Amino acid sequence: MRRLYNARVALVVSVICGAVALASGSAVAKSLVKATPPAASRNLPVVPGSQYLALGDSVTFGYMESTVAPAPDYHNAASFLGYPEQLGAELHLSVANAACSGETSSSLINPAAPSNGCENNPAHTNANYRTEFPLHVRYKGSQLAFALSYLHSHHDVRLVTLMIGANDFFVCQETTSDGCASRAEQNATASTVTKNIHTILSAIRNKAHYAGQIVIVNYYSLNYSSAAVNAQSLLINKVQDAAARPYHVKIADGYAAFRAASIHSGNDTCTAGLLTQLSGGGCGIHPSYAGQALLAQTVEKTITLA
């Protein structure tokens, strides 16, 4: 995971044409989501004391880079306050944050599948987050398997959030000779994310029989003044949203929220204080506490409350 998040901002340029490629991949996406209709959503309101299941990658986990000052305590998961923890505290919810730093849409389903530092990494080293450090909740197997088990055993879950897909594109960038610059590679990655989100949400709706609120949380841009940087986030968000739409989901537009909050800072999320501040200067690519709070507020505005 730490390999992924060492401020690798340069990679976004390589995926700018992905926004164009998405159009050609949309037919594939549509064909993948034509399956058994999901259970109709009851849309029960989120109330104090209800349960909230959060799924995703390092943003959902609340990860911060090792060079943030003061340095984070990776051995104490409770020291990481992502948007699920902040939303839970605000609304008085019981939070189960199953996210893992470096999780891809594939490894969320199958922990043996390629991840970007959760269970394994493109360099095939032993330095993987889940083997070295605790998650917010302890479980064996995949994040999806935990989610289904949790939903079966907890009957007052009123909210499930999912934020996934960024690491799929990072893995593509790290494992291809051209840095995932080709339209074919980007289309293939987008199709994989689409298929996996379909699998995840279909299982939640049809296997766990969860009929409550599901929210897809959109990724932000690192710098809204850069079309190249924006293109990566827009591509991932479009893939997420299109794949999830048939499953009665709501969209928490983190992209728009960060953009609005950055307007008076030159459209720069770093200058706006929304990204982790590194001890050597500059920013990481994860949300700061303020950035996580903004994501929490965005989810809160999206959901139905009592």
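The values are calculated or read from the model by the stated rules, or taken from the named source; none is laboratory data. Since this is a predicted model, take the numbers as computed values, not measurements. Cβ placement follows ideal geometry from the backbone for every residue including glycine, while neighbour counts extend to all protein chains displayed. Please note that ligands, DNA and RNA were not included when accessible areas were found on the heavy atoms of the full protein model with its side chains. Shrake-Rupley method; radii C 1.70, N 1.55, O 1.52, S 1.80 Å.
Descriptive notes on the structure:
- Ranking Ser149, Ser115 by solvent-accessible area of protein heavy atoms (1.4 Å probe, all protein chains present), from largest to smallest, gives Ser149, Ser115.
- Considering only alpha-carbon pairs that sit under 8 angstrom and 6 or more positions apart, the relative contact order computed for the chain is 27 percent.
- Residue-level accessible surface for Asp156, protein heavy atoms, 1.4 Å, Å²: 60 Å²
- Most to least accessible of Met163, Met64 (protein chains only, probe 1.4 Å): Met64, Met163
- Among Ala208, Ala71, Ala147: highest mean-square fluctuation, GNM of the chain, C-alpha pairs under 10 Å: Ala71
- Dipole orientation for segment 83-150: of the candidates Ala112, Ala99, Pro122, Ala112 has the Cα lying most toward the positive pole (charges on Cβ; Lys, Arg +1; Asp, Glu -1).
- Ser288 contributes an accessible area of around 20 Å² to the protein surface, as traced by a 1.4 Å probe with all chains present.
- Mean separation of Cα contacts under 8 Å (6+ apart) over length of segment 178-263, as relative contact order %: 36 percent
- Helices assigned as whole DSSP H runs in the chain whose Cα atoms extend at least 30 Å along their own long axis and whose mean Kyte-Doolittle hydropathy is 1.6 or higher are not found.
- Residue list for segment 44-75, given a label point 7 angstrom along the Cα-to-Cβ vector of Ala211 and an amide N cut-off under 20 Å: 44-47, 50-53
- Ellipticity estimate at 222 nm from DSSP helix runs (n ≥ 4, -39,500 (n - 2.57)) divided over the chain, nearest 500: -11500 deg cm²/dmol
- Inter-part distance where segment 273-306 and segment 114-188 are each reduced to a Cα centre, Å: 20 Å
- Residue among Tyr139, Tyr247, Tyr255 with the largest mean-square fluctuation in a Gaussian network model of the chain, springs linking Cα atoms under 10 Å: Tyr139
- With every protein chain in place, the chain: carbon and sulfur % of accessible area (1.4 Å): 57 percent
- Extended-chain gain in nm, criterion 0.36 nm per residue less alpha-carbon gap, Tyr139 and Arg245: 35.3 nm
- Cleavage-rule hits, trypsin sites (Lys or Arg not before Pro), segment 129-181, DSSP coil, Cβ neighbours within 10 Å at most 10: Arg138, Lys140
- Environment charge at Glu90 (Cβ cut-off 13 Å; Lys +1, Arg +1, Asp -1, Glu -1): -1
- Förster-model FRET efficiency, 22 Å R0, Ser279 and Ser79, C-beta, rounded to 0.05: 0.85
- Charge dipole (debye, nearest 20) of the chain; +1 at Cβ of Lys and Arg, -1 at Cβ of Asp and Glu: 820 debye
- Each of Leu294, Gln240, Gly273 was placed along the dipole of segment 235-306 (beta-carbon charges, centred on the mean Cα), and the one lying farthest toward the positive end is Gln240.
- Options Ala231, Leu53, Ser191, ranked by Cα towards positive dipole end of the chain, top entry (Cβ charges): Ser191
- With all protein chains modelled, accessible area of Ile109 [1.4 Å, Å²]: 50 Å²
- Taken along the Cα-to-beta-carbon direction at a fixed 7 Å, the label points for Thr131 and Thr176 span 2.7 nm.
- Heavy-atom surface of the chain, accessible at 1.4 Å and reported per residue (Å²): 39 Å²
- Springs join every pair of Cα atoms under 10 Å in this Gaussian network model of the chain, and among Ala296, Ala99, Ala77 the largest mean-square fluctuation is at Ala77.
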